[in-house]
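Enquirer: One structure follows; several queries about it will come next.
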Amino acid sequence: MTKFSSMLAAAAAGLLLIACSPTYDWREIRGEGAGYRVMLPAKPASHTRAVNLNGTQVQMTMTGAETDGVSFTVATAQLADAAQAQQALQAMKQAMLRNVGGSVKQDKPVEVNGASNASELTATGGADASGRPRLMVARFFMRDNQVFQMVVLGRENGVPQEAVDTFLSSFRPA
């Protein structure tokens, strides 16, 4: 093989790798001060803001990433005690449904590593900016007096189940 044909083969292989780059570039992140690890499909961004959870003001930290029109977010807040955390879970669930204008398709209990009172909610409805209906799959759970929500949100027919499963099953206490 000549030097030129070797270079051509290497260039072709490089182009093939670029063309096949994954839409979902999964990476493990650690929630700052929140004691968890999770996989996100792109470089994450974090944001903290005050929210009202059933009459209790808390600082909620949201860390998430978006890829191919699908967002993946983990939000967490610390409450004074476990009783408040239980009430806050219900408030978080209702607020997410209102935010996406969704109607519940399924709400079931699930197991989440290191957590209690976990449920998974699937909802549809609420059009995106282009007028297409959205799908939301979310988990709500608590650990002691800390509440969590993990949310996948995208076009109703544009959210790959494999991506949902990868994200939701990746949660681990740190």
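Enquirer: Could you give the length gained on full extension between Ser103 and Gln86, defined as 0.36 nm per residue of separation minus the Cα-Cα distance, in nm?
Expert: Full-extension gain reported as 3.9 nm.
Enquirer: Any idea of the accessible area per residue across the chain, 1.4 Å probe, to the nearest Å²? Don't skip to the answer; put the middle values down first.
Expert: Values: 9490 Å² over 174 residues.
So the chain comes to 55 Å² accessible per residue, rounded to a whole number.
Enquirer: Another question, if that's okay. Counting residues in the chain as N, plug N into 2.2 N^0.38 Å and put the Cα Rg over that result. Display every interim value, and only then the final one.
Expert: Working: Rg = 19.5 Å, N = 174, 2.2 N^0.38 = 15.6 Å.
The chain yields a ratio of 1.25.
Enquirer: Additional query: For the range 155-169 and the range 31-53, what is the separation of their C-alpha centers, rounded to whole Å?
Expert: Comparing the Cα centres of the range 155-169 and the range 31-53, I get a distance of 19 Å.
Enquirer: Of the candidates Thr67, Thr23, Thr48, which one comes out as most mobile in a Gaussian network treatment of the chain with C-alpha springs shorter than 10 Å?
Expert: Thr23
Enquirer: Within the range 50-77, list the residues whose amide N lies under 16 Å from a label point set 7 Å along Cα→Cβ of Arg37.
Expert: none
Enquirer: Let me ask something else. What is the set of long-range amide H partners of Glu156 at a cut-off below 5 Å, with H atoms built 1.01 Å from backbone N?
Expert: Answer set, sorted by chain and number: Arg134, Leu135.
Enquirer: If I fit a long axis through the Cα atoms of helix 3-19 and take the longest principal axis of the Cα atoms of the chain, what angle between them do I get, 0 to 90°, rounded to 10?
Expert: 20 degrees
Enquirer: Here is a follow-up. State the extension gain, in nm to one decimal, for the chain segment bounded by Arg49 and Ala95, taking 0.36 nm per residue of separation less the distance between their alpha-carbons. Don't skip to the answer; put the middle values down first.
Expert: Working: separation 46, 0.36 × 46 = 16.56 nm, distance 1.49 nm.
Additional length available on full extension: 15.1 nm.
Enquirer: Under a GNM of the chain (C-alpha, springs under 10 Å), which listed residue has the highest mean-square fluctuation: Gly131, Gly102, Gly35?
Expert: Gly131
Enquirer: Considering only Ala45, Ala88, Ala77, give the residue with the highest GNM mean-square fluctuation for the chain, with springs between Cα atoms whenever their separation is below 10 Å.
Expert: Highest fluctuation among the options: Ala45.
Enquirer: Just to check I understand the Karplus step: with θ = phi - 60° and J = 6.51 cos²θ - 1.76 cosθ + 1.60, what whole-Hz values come out for the range 39-50, glycine and proline as x?
Expert: 8, 10, x, 6, 4, x, 10, 10, 8, 10, 8, 6
Enquirer: In nm, give the distance between the simple-model label positions of Asp25 and Ser71, each being 7 Å from the Cα along the Cα-to-Cβ direction.
Expert: 2.1 nm
Enquirer: Quantify, in whole percent, the carbon and sulfur part of the accessible surface of the chain (1.4 Å probe; protein heavy atoms only).
Expert: Values: 4880 of 9490 Å².
Carbon and sulfur together cover 51 percent of it.
The values are calculated or read from the model by the stated rules, or taken from the named source; none is laboratory data. These numbers come from a predicted model, not from an experiment. Virtual Cβ from ideal backbone geometry, glycine too; neighbours counted across all protein chains shown. Areas reflect the complete protein model, heavy atoms only, side chains present, ligands, DNA and RNA absent. Shrake-Rupley method; radii C 1.70, N 1.55, O 1.52, S 1.80 Å.
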